[in-house]
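Values quoted throughout were computed directly from the atomic coordinates according to the rules given, and no laboratory measurement underlies them. Note that the structure is predicted; figures quoted are calculated from it, not measured. For neighbour counting, all protein chains shown are included, and Cβ atoms are generated from backbone atoms with ideal geometry for every residue, glycine included.
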Amino acid sequence: MKIDQHTLSPATLEHAIALLDEEWLLKDEVLAPVMPVVLGRGVGQDWHKAGTFRHHLVGVARTLTLWQQSDAAKLLGLLHSVYGNAQVDIVKFDPQSERGRVQAMVGQDIERLIHLYCVLPRAPFVKAVLETGPNENGELTVPVNGQPMVLEARDLAIFTVVTIADICEQWYSWQDDIYSGYPNHTNRETQAHWAASLWPGPMRPTAYRISQISRLGKVLQHPALKPLQPMPSVFDGCQHELSEADEAAACALYWSVIQQNQPLVSSATTIMTLEQATRLNPWVAEPYLLLAQLYLTEKAYDQAQQAAASGVHLLCCWGNTWDKRVGWDAWVAWGRILLQSAQNRQWPDTLNKLNNVALKP
């Protein structure tokens, strides 16, 4: 079966590699001066979804940096929840007494964006973007406590880009369950749904949020919004949409492989399962990388190189993972080993040798 292919350019890979080491943040002229203050507020000690609050803030900022976003968007990404919000009860700066402190760090305009993004209810915002969309001037009306709030085009463009980065950094199956149907979710009693509440859960990838991200990205193509921010690199520059049905089916196929609900003697069925997953959802990296390893095992080196290159390319597009069982840096490292092995047309013949594979200079 032919799989959808993505082309990995050396420039794209080089740009992503520069962000693999955490020291990239210390070298960033925009983010580096702010980071010590943020760390001083204990963000590395706070729990947050798939890691700590520090992991989340840095991950969002990294993705926005990878997408070559504006300074305003990058700083908003790093500080996007520090006043707390409707979904995160973490307050690192008191919005009543410390707005001046944040203004002194980032400037009045960017602090205004941070504060507005924190007080704006996230679910109604996402719902309005997806269901109503901006008017011809790029403005969006969001209902807030029964009253309309009108976001101007620049604010909407920045908030949409940061929201995409925010979702892709943190969302996986645990949130699929507790926020089932987001943004049209309802509150469910913890006692009745105790199994869904157990953190971190099985850590399946999200089964429906990637399709929402694709639709959020298409909104950025609005004529009034498109010139305001660089286009994120996901979905080929936000040009394509992924259907909910295809996303759900692809996720189920991928997870059936992870759970080894496949014949364990011959890899043929598993290969066909992953090929189908990449056809249904060609926009996430991890199914391509599993497929590349299976191709390598079968010594199908040309197919392995195509799959590995596609997977590494997509990792470089997202700057975060879809399968959050391991981090982005680990997936990139593994993907590069798979790609190099395919190019060199060699792969371990015995299981113990897998422990010795390494990226060669």
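Looking at the square roots a ≥ b ≥ c of the eigenvalues of the Cα gyration tensor of the stretch 258-301, which shape do they give, rounded for a/c under 1.5, prolate if a/b is larger than b/c, or oblate?
Oblate.
What distance in nm lies between label points placed 7 Å from Cα along the C-beta direction at Glu22 and Trp199?
Here the modelled spin labels are 2.0 nm apart.
What fraction, in whole percent, of alpha-carbon pairs in the stretch 22-160 exceed 28 Å separation?
Tail of the P(r) past 28 Å holds 17 percent of the pairs.
Can you tell me how the chain classifies by the Cα gyration tensor, rounded, prolate or oblate, using a/c under 1.5 as the rounded cut?
The shape class here is prolate.
List the lysines whose Cα sits under 30 Å from the Cα of Lys218, skipping any in the same chain fewer than 8 residues away.
Lys2, Lys49, Lys74, Lys127, Lys226, Lys324
For the stretch 258-361, rounded, prolate or oblate, judged on the Cα gyration tensor with a ≥ b ≥ c (square roots of eigenvalues), a/c < 1.5 rounded, else prolate if a/b > b/c?
rounded
What residue among Thr160, Thr186, Thr297 has the largest mean-square fluctuation in a Gaussian network model of the chain, using Cα springs under 10 Å?
So, out of Thr160, Thr186, Thr297, the one fluctuating most is Thr186.
GNM on the chain, C-alpha springs below 10 Å: top fluctuator among Tyr179, Tyr254, Tyr301?
Tyr179
If contacts are Cα pairs under 8 angstrom and at least 6 residues apart, what is the relative contact order of the chain in percent?
Across the chain, relative contact order equals 17 percent.
Using a 10 Å cut-off on Cβ atoms, rank the peptides 264-271, 12-19, 169-176 from the highest mean neighbour count down.
Final packing ranking: 169-176, 12-19, 264-271.
Sort 303-314, 216-227 by packing, meaning the average of other beta carbons within 10 Å per residue, with the highest value first.
Final packing ranking: 303-314, 216-227.
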